[in-house]
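Asks: Handing you this structure, nothing more for now.
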Amino acid sequence: MQQVQTTNYSFISKIKSHVSSSVMLILCTILALICANCPLTAQWYSDFWQNEMSLSIGNFNFFSHGGHPMTIMQVINDFLMAIFFLSVGLEIKREILVGELSSMKKALLPIIGACGGMIVPVLVYAILCGGNPEMHRGLAIPMATDIAFSLGVLAIFSTRVPVGLKVFLAALAVADDLGGIIVIALFYSSDINVTFIILSLLCVVVMAVANWRKVRGKAFYLIVGLVLWYTMLNSGIHATIAGVIVAFCVPATLKRGTGYYLERIRGHISNFPVIDIDKKKTVVLTHDQIHTLKSIESAADKLISPLQDLEDNLQGLINWFVIPIFAFANAGVALSGMTIGDVFSGVSLAVMLGLVVGKFVGVFSFSWISVKLKIVSLPEGATWKAFASVCVLCGIGFTVSMFISDLSFSSLGAEGAHLLNNAKLGILCGSLIAAVLGAFLLNKTLPKKN
């Protein structure tokens, strides 16, 4: 019973966080579309992101790639998204250690569903793109499920949604993110620089040894992580992978056992004098009492592992700054000169059907087959109709899809800009269709509220 209550609380907290994040995403996306298409702001919006950005000490510029200063857009997509992937990596590590991916029984259905949700959309995209090699660069775009948007839509139905379905969708999105990270590392790296690769490996070794030696200071891992980001940026491996590597090096355990810190807190509290709370006058604490309170605070801080503490501290930064800025910079699709035909052709159609059709078919078919073969079981409290409705929500791809589309086409010049614009249009249309259709089906298939 206690485990069920804990799970409920955990997912209520997670969904509330993602609801606020999804609202910000929607607002920033709408604002970006307005700025990109309004005659008064379109040119400014297009040019602003190409301004150079620097963080310099003498001749050294932290925001430089291959000796050239990075643009604002590059800083957002390479540096801020590294922070985003740090947060994603922390969540993946926690889920693997103690969450929904911590045992084969818990993890198998979301992982199988995620595999289908990555394989089938790629096949749909490849079929629709034919033999065009430039379009094929975007094969991975419809692979990802946006956890903030999908859980945000699910939150609309509140307690009507069985906890098992919430767990499935959240775990599948985490597994999806892991798949996206692997794809980025393998297929979006180029011009490998051996010197910076060695320096990157040295940074990883330093963090791994520090973890082994029970170094628990978060600042240490973040500082080494900044060095790792710079070396990976110039190594040819995509810099955002640095965030994931740092996340897996951050300790998930306490320096001493939980009981040790709890006993310290109990001991300090028992020695603290009893104060009459009915008295309204201000109590002036002695130096010993202040020292005792600080000792209690220190012990309480050490009860939270560096991994959980860092994940919690990053949540606000990610939800209210990193993702909104990313959405505002990347979601501005210029619609001038486009027709309805552009939505239903080329990259746009391939991405849209990859998300709406490919994700649903992949997640549902792989899950259905594994359940029928008795490899796994359907989430507790879920019907096949409700489960299928949640599979439709998996077609909501935004943050990682937008990110991969930029990696796929931004380096191709004028033709790449056209493909990128169409890919973003496909992501927006596909995600909107999946969200509306998924919400409609959930309202029909979930039990009615008493």
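Asks: For the list (1) crowded, with 24+ Cβ neighbours inside 10 Å; (2) within 20 Å of Ile184 (Cα to Cα); (3) at pLDDT 85 or above, I need the number of the one condition that Ile147 fails.
Replies: Failing condition for Ile147: (3).
Asks: Then there is this: Taking the options Gly395, Gly430, name whichever one is assigned by TED's automatic domain parsing to the domain that holds Ala36, in contact (Cβ under 8 Å) with a residue 24 or more places away in the chain, touching a helix residue (DSSP H, G or I) at 6+ places or on another chain (Cβ under 9 Å) and over 17 Å from Leu154 (Cβ atoms). Let's see the steps before the verdict.
Replies: Numbers: Gly395 fails: over 17 Å from Leu154 (Cβ atoms).
Selected residue: Gly430, the only one of Gly395, Gly430 that is assigned by TED's automatic domain parsing to the domain that holds Ala36, in contact (Cβ under 8 Å) with a residue 24 or more places away in the chain, touching a helix residue (DSSP H, G or I) at 6+ places or on another chain (Cβ under 9 Å) and over 17 Å from Leu154 (Cβ atoms).
Asks: Residue check, Ile223 against (1) modelled with pLDDT under 85; (2) more than 30 Å from Ala107 (Cα to Cα), all met but one. Which one?
Replies: (1)
Asks: Then there is this: Please determine whether any residue of region 17-39 is closer than 30 Å to Val371 by Cα, in the same structural domain as Phe364 (by TED's automatic domain parsing) and either surrounded by 14 or more Cβ atoms within 10 Å (Cβ to Cβ) or modelled with pLDDT of 90 or more (or both).
Replies: Within region 17-39 (the criterion being closer than 30 Å to Val371 by Cα, in the same structural domain as Phe364 (by TED's automatic domain parsing) and either surrounded by 14 or more Cβ atoms within 10 Å (Cβ to Cβ) or modelled with pLDDT of 90 or more (or both)), the answer is yes, since at least one residue qualifies.
Asks: Right, here's the next one. Restricting to region 49-70, name every residue that is within 19 Å of Gly236 (Cα to Cα), in contact with a Pro (Cβ under 8 Å, 6 or more places away or on another chain) and in a loop (DSSP other than H, G, I, E, B).
Replies: Phe63
Asks: Return the residues of region 222-264 that are small (Gly, Ala, Ser) and within 18 Å of Asp309 (Cα to Cα); say none if nothing qualifies. Lay out the reasoning, then the answer.
Replies: Restricting attention to region 222-264, the residues satisfying the condition of being small (Gly, Ala, Ser) are 225, 235-236, 239, 242-243, 247, 252, 257, 259.
Within region 222-264, Gly225, Gly243, Ala247, Ala252, Gly257 meet the criteria.
Asks: Looking for something closer than 19 Å to Ala144 by Cα and surrounded by fewer than 23 Cβ atoms within 10 Å (Cβ to Cβ) - is there at least one such residue anywhere in region 388-396?
Replies: Within region 388-396, one or more residues are closer than 19 Å to Ala144 by Cα and surrounded by fewer than 23 Cβ atoms within 10 Å (Cβ to Cβ).
Asks: Another one. Identify, please: which residue in region 178-212 is within 16 Å of Val400 (Cα to Cα) and without any contact (Cβ under 8 Å) to a residue 12 or more places away in the chain and is, among those, surrounded by the fewest Cβ atoms within 10 Å (Cβ to Cβ)?
Replies: Only one residue fits best here, namely Leu186.
Asks: Ile369 is checked against (1) under 30 Å from Asn37 (Cβ atoms); (2) part of a helix (DSSP H, G or I) and fails just one. What number does that condition carry?
Replies: (1)
Asks: Also, I was wondering about something else. Scan region 368-377 and tell me whether some residue there is of a type outside the set (Gly, Ala, Ser), within 24 Å of the chain's Cα centre (by Cα) and either at pLDDT 95 or above or in the same structural domain as Pro110 (by TED's automatic domain parsing) (or both).
Replies: no
Asks: Quick check on this structure: which one of Val351, Val361, Val390 is of a type in the set (Val, Ile, Thr), touching a helix residue (DSSP H, G or I) at 6+ places or on another chain (Cβ under 6 Å) and within 23 Å of Ile30 (Cα to Cα)?
Replies: None of the others qualify; the one that does is Val351.
Asks: Go through (1) crowded, with 22+ Cβ neighbours inside 10 Å; (2) over 26 Å from Ile111 (Cα atoms); (3) out of contact with any helix residue (DSSP H, G or I) (no Cβ under 6 Å at 6 or more places or on another chain) one by one and return the number of the condition Ala423 breaks.
Replies: (3)
Asks: Sticking with this structure for a sec: Being in a loop (DSSP other than H, G, I, E, B), touching a helix residue (DSSP H, G or I) at 6+ places or on another chain (Cβ under 6 Å) and crowded, with 16+ Cβ neighbours inside 10 Å, is that true of even one residue in region 228-235?
Replies: Within region 228-235, one or more residues are in a loop (DSSP other than H, G, I, E, B), touching a helix residue (DSSP H, G or I) at 6+ places or on another chain (Cβ under 6 Å) and crowded, with 16+ Cβ neighbours inside 10 Å.
Asks: Do we find that Leu90 is in contact with a helix residue (DSSP H, G or I) (Cβ under 9 Å, 6 or more places away or on another chain), under 26 Å from Val356 (Cα atoms) and either modelled with pLDDT of 85 or more or surrounded by 22 or more Cβ atoms within 10 Å (Cβ to Cβ) (or both) in this structure?
Replies: When the stated conditions are applied, Leu90 does not pass them.
Asks: Within the group Leu101, Leu108, Leu97, which residue is assigned by TED's automatic domain parsing to the domain that holds Ser401, in contact (Cβ under 8 Å) with a residue 12 or more places away in the chain and not in a helix (DSSP H, G or I)?
Replies: Leu101
The values are calculated or read from the model by the stated rules, or taken from the named source; none is laboratory data. The structure presented is a predicted model; accordingly, all values stated were derived computationally and were not measured. A quick note on method: Cβ atoms are made from the backbone with ideal geometry, for glycine too, and the neighbour counts reach across all protein chains shown.
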